[in-house]
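Notes to accompany the following structure.
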């Protein structure tokens, strides 16, 4: 089963990191990602651009487009890993290996959606 590991942190904290700190954190994440890739378990990985580049489309009579993400959270979604894991326990271990000294990782099972067929 695929699990999506969503990465959250305060953008202000990320922006304050030194180049050295960011390089060290990314090196740790890269090492985990390379190991998962070598095992054939790593799907797409993405790092989102800052929330200042985000737009939100809200449902209404006519879809409403707004500047910004408008999430009800103090931390922002920064990116994600899609990982093939045998169980939630396995997915949680991957997240433990990825987590740094700040922020949070949300682990959520992924149901595959095929347009015209539905959820699988």
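Odds and ends about this structure:
- Looking across segment 50-62, the residues that are in a helix (DSSP H, G or I) and surrounded by 10 or more Cβ atoms within 10 Å (Cβ to Cβ) come down to 51, 53.
- Residue in segment 63-86 that is modelled with the highest pLDDT, counting only those that are surrounded by fewer than 11 Cβ atoms within 10 Å (Cβ to Cβ) and assigned to a strand (DSSP E or B): 65
- Filtering segment 87-112 to residues that are assigned to a helix (DSSP H, G or I) and either over 16 Å from the mean Cα position of the chain (by Cα) or farther than 14 Å from residue 32 by Cα (or both) leaves 88, 89, 90.
- Test: residue 47 is exposed (fewer than 14 other Cβ atoms within 10 Å of the Cβ) and under 14 Å from the mean Cα position of the chain (by Cα): yes
Table: residues versus (1) in contact (Cβ under 8 Å) with a residue 24 or more places away in the chain; (2) more than 22 Å from residue 3 (Cα to Cα); (3) touching a strand residue (DSSP E or B) at 6+ places or on another chain (Cβ under 8 Å).
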{"site": "17", "(1), (2), (3)": "no, yes, no"}
{"site": "33", "(1), (2), (3)": "yes, no, yes"}
{"site": "60", "(1), (2), (3)": "no, yes, no"}
{"site": "79", "(1), (2), (3)": "yes, no, yes"}
{"site": "85", "(1), (2), (3)": "yes, no, yes"}
{"site": "93", "(1), (2), (3)": "no, no, no"}
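- Selected residue (only one of 112, 102 is touching a helix residue (DSSP H, G or I) at 6+ places or on another chain (Cβ under 7 Å), surrounded by fewer than 16 Cβ atoms within 10 Å (Cβ to Cβ) and in contact (Cβ under 8 Å) with a residue 40 or more places away in the chain): 102
- The residue that is farthest from the chain's Cα centre (by Cα), among those in segment 32-44 that are surrounded by fewer than 12 Cβ atoms within 10 Å (Cβ to Cβ) and in a helix (DSSP H, G or I), is 38.
The values are calculated or read from the model by the stated rules, or taken from the named source; none is laboratory data. From a predicted model like this one, the values you see are computed outputs, not experimental measurements. Note that each Cβ is placed from the backbone with ideal geometry, even for glycine, and that neighbours are counted across all protein chains shown.
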